[in-house]
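These notes are about the structure you will find just below.
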């Protein structure tokens, strides 16, 4: 249950709609041919997986991209709303051929999804659930963890609301610990399910800086495959290429596929921005190791906050958000005790709903 992973090195196409962080708009300007050409070249840069994140049923062009990625040997994943799968008549056969489909698991979706995943399992397709977790939907987490196991899902991925992308109310430090305990309990009961959350432990990244791309200064970054320097590589709907997250914006971007082909953008970025990007990641790593208030932190949040600081735009911190000053051991212990109490409370609620917790 850590943040970034280096095993699966992915190209990620974001078709989830425009936002403050999208650095581009959806629409007819999406350069499908250029994205296809980028996929053709991505293998040589070390990428082995292709994911499309879409808030709607993927278009014919997007499904053709999936077929192209499969022919190149990429692992393919679609992230989509559960309602798209519930409307089974709209599930294209090409979706059923993907290696993985990961649907959001909001509480309203779970009863509708029940029993509708048999076709995916019959085809040997991996199916995962995802959940955006905030203070206003904490009760969804134990239910989603149990539902993932009952449906024989391959994984449950939990995205934690943060101070920069405020799609939900930010969790307090104690609630973040509680979320980790819930998933640890779920994994203990259902080891066949891969439970993931975008919270990392500070000691993990202290031991392994490269896990958050804080590469050593001695490494010749210009000579490395792009996937070693930035995974995932995000393609925005308008063709912008961005390392790791859309929220990093244009400062570290590779450029736009409509302006130059993928190999030229990569080569230019390696010579002009790769070293400064690696230095930026080392600075984020140092800040995390020195200032994390509790053992668990949101890596993407730290990246985007540091990007905002470079632009002199820092969002106002929430009262219960992660502090920048260290807490002493007594405060951390109190937070863990509080989180354990919340977990016991959740088990009681689950038992009353007929969900086993032992």
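No value in this document is a laboratory result; all are computed from the given coordinates. This is a predicted model, so every value here is computed, not measured. Positions of Cβ are backbone-derived with ideal geometry, glycine not excepted, and every protein chain shown enters the neighbour counts.
Just order 176-182, 224-230, 268-274, 250-256 by mean Cβ neighbour count inside 10 Å, highest at the front, would you?
Final packing ranking: 176-182, 224-230, 250-256, 268-274.
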Based on the mean of other beta carbon atoms within 10 Å per residue, what is the order of 283-289, 295-301, most packed first?
-> 295-301, 283-289
Estimated FRET transfer efficiency (residue 267, residue 184; beta-carbon r; R0 30 Å; 0.05) | 0.10
Once you sort the root eigenvalues of the Cα gyration tensor of the stretch 121-278 as a ≥ b ≥ c, which label holds: rounded (a/c under 1.5), prolate (a/b larger than b/c) or oblate (the other case)?
-> prolate
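Given R₀ = 35 Å, what would the calculated FRET efficiency be for residue 68 paired with residue 192, taking r from the Cβ atoms and rounding to 0.05?
Numbers: r = 32 Å, r/R0 = 0.91.
Efficiency at R0 = 35 Å is approximately 0.65.
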Sorted by mean Cβ packing within 10 Å, highest first, what order do the peptides 43-53, 231-241 take?
-> 231-241, 43-53
Can you work out the FRET efficiency for the pair residue 36 and residue 251, with r the C-beta to C-beta distance and R0 = 41 Å, to the nearest 0.05?
-> 0.90
How far apart, in nm, are two points set 7 Å out from the Cα along the Cα-to-Cβ line at residue 59 and at residue 218?
-> 4.9
